[in-house]
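Visitor: Handing you this structure, nothing more for now.
The values are calculated or read from the model by the stated rules, or taken from the named source; none is laboratory data. The model shown is predicted, which means the values in this text are computed figures rather than measured ones. Positions of Cβ are backbone-derived with ideal geometry, glycine not excepted, and every protein chain shown enters the neighbour counts. Note: accessible area is taken over every heavy atom of the protein model, side chains too, but ligands, DNA and RNA are not part of it. Shrake-Rupley method; radii C 1.70, N 1.55, O 1.52, S 1.80 Å.
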Amino acid sequence: MYAIVRVGGKQYRVEKGDSVVVDRMRADEGASVTLEPLLLAGDGKDKTVFDRDDLAKVKVEAVVAGHERGRKVHVLKFKPKKGYKRRSGHRSELTRLEIKDIKLMSRKPTARKETAEKPAAKQEGAAKPAAAKAETAEAKPATRRPATKKPAARKPAPKKPATKKPAAPKRSTARKAPAKKKAEEPSDGS
């Protein structure tokens, strides 16, 4: 039997007895953690559970084995022929989880039922103050103040008509004919 669980926004396939390395969790070493199941697949005789209501009955228990740091990741930025080089890196903070048990319970955990009962109690409590307000409203006579007049709104100044500028004379696109040359008179040689 295995389950797909969500831890820190990522999904992992886990079985009973597995050790999984996930992003850093706030839980202390040795603390017991319940993981959110997304799917439960049986050994063949059990059915695969996808439904949200049935997944509420699935319990995946894990124990925090320890906190670790991942291997160093080197980052190099380089632009050729520009004299630009930047070097940095980081090591991820990780948590190792050991899967203790994967259970398919017959019903939902009781903790969820208690949270459902609390809002119902709040609704009953909220109804009592509303009734008290209604009683006080009936006891007081309604007094009405006269409405105050608002000053009249200013009207915007009338717009001045736009003055038209005289249109520039249009230029013709046709080319002018070249000037005629005067016929040269023959010279006498003098």
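Visitor: Test each condition in (1) closer than 18 Å to Arg13 by Cα; (2) touching a residue at least 40 places away in the same chain (Cβ under 8 Å); (3) open to solvent by 70 Å² or more (accessible area, probe 1.4 Å) for Glu93 and report the one that comes out false.
Guide: (1)
Visitor: How many of the residues in segment 24-58 are modelled with pLDDT of 90 or more, open to solvent by 60 Å² or more (accessible area, probe 1.4 Å) and either of a type outside the set (Asp, Glu) or closer than 10 Å to Leu97 by Cα (or both)?
Guide: Total satisfying the criteria: 5.
Visitor: Hey, among the residues in segment 6-27 that are charged (D, E, K, R) and in a loop (DSSP other than H, G, I, E, B), which one's nearest to Asp43 (Cα to Cα)? Give the derivation first.
Guide: Just the residues of segment 6-27 that are charged (D, E, K, R), to begin with: 6, 10, 13, 15-16, 18, 23-24, 26.
Now drop any that are not in a loop (DSSP other than H, G, I, E, B), which leaves 16, 18, 24, 26.
Numbers: Lys16: 13, Asp18: 16, Arg24: 31, Arg26: 33 Å.
Only one residue tops the list, namely Lys16.
Visitor: Suppose we keep only residues that are within 30 Å of Lys47 (Cβ to Cβ) and of a type in the set (Val, Ile, Thr) within segment 78-127. Which one would you say is modelled with the lowest pLDDT?
Guide: Within segment 78-127, the subset within 30 Å of Lys47 (Cβ to Cβ) is 97-116.
Now drop any that are not of a type in the set (Val, Ile, Thr), which leaves 99, 102, 110, 115.
Details: Ile99: 96, Ile102: 92, Thr110: 67, Thr115: 51.
Among those that are within 30 Å of Lys47 (Cβ to Cβ) and of a type in the set (Val, Ile, Thr), it is Thr115.
Visitor: Turning to a different aspect of this structure: Go through (1) more than 30 Å from Arg87 (Cα to Cα); (2) free of Cβ contacts under 8 Å to residues at least 40 places away in the same chain; (3) in a strand (DSSP E or B) for Val33 and report which single condition fails.
Guide: Condition not satisfied by Val33: (2).
Visitor: Any residue in segment 129-136 that is among the polar types (S, T, N, Q), in a helix (DSSP H, G or I) and either at pLDDT below 85 or open to solvent by less than 70 Å² (accessible area, probe 1.4 Å) (or both)?
Guide: Step one: of segment 129-136, the residues among the polar types (S, T, N, Q) are 136.
Filter once more, so that each one left must be in a helix (DSSP H, G or I): 136.
With either at pLDDT below 85 or open to solvent by less than 70 Å² (accessible area, probe 1.4 Å) (or both) added as a condition, the list becomes 136.
Within segment 129-136, one or more residues are among the polar types (S, T, N, Q), in a helix (DSSP H, G or I) and either at pLDDT below 85 or open to solvent by less than 70 Å² (accessible area, probe 1.4 Å) (or both).
Visitor: Here's a follow-up. If you go through segment 59-77 one residue at a time, how many are exposed (fewer than 10 other Cβ atoms within 10 Å of the Cβ) and part of a strand (DSSP E or B)?
Guide: Within segment 59-77, the subset exposed (fewer than 10 other Cβ atoms within 10 Å of the Cβ) is 71-72, 74-77.
Still in the list and also part of a strand (DSSP E or B): 74-77.
Qualifying residue count, segment 59-77: 4.
Visitor: What number of residues within segment 1-28 are among the acidic types (Asp, Glu) and closer than 12 Å to Leu94 by Cα? Give the derivation first.
Guide: Here is the first cut: in segment 1-28, the residues among the acidic types (Asp, Glu) are 15, 18, 23, 28.
Keeping just the survivors that are closer than 12 Å to Leu94 by Cα gives 23.
Result for segment 1-28: 1.
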